[in-house]
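Participant: The structure's right below; bear with me while I get my questions together.
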Amino acid sequence: MKRAKILVILIVLWLSAAPALAKRRKRTTGAPEIESSMPWLATGYAFASLAGICVVGFKNSKRTHLD
């Protein structure tokens, strides 16, 4: 039981130190570059995702097995 408490304390201390350690790294300024060679691919992917969400969202509720 004592080992488990020590392990939990070490994990909490390690997680609390993570933000401080992350600040030491050099930060990049600005947004990442986006490839502009295929804008239709991203647009098509967005429309396909939206269509899939709508199909699931507006599915006929009589097809569920909640009867």
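The values are calculated or read from the model by the stated rules, or taken from the named source; none is laboratory data. What you see is a predicted model, and the numbers here were worked out from it, not measured in a lab.
Participant: Return only the number of the condition from (1) at pLDDT below 70; (2) part of a helix (DSSP H, G or I) that Asp67 does not satisfy.
Facilitator: Of (1) at pLDDT below 70; (2) part of a helix (DSSP H, G or I), only one is false for Asp67: (2).
Participant: Could you please let me know if Phe58 is at pLDDT 80 or above and more than 21 Å from the chain's Cα centre (by Cα)?
Facilitator: yes
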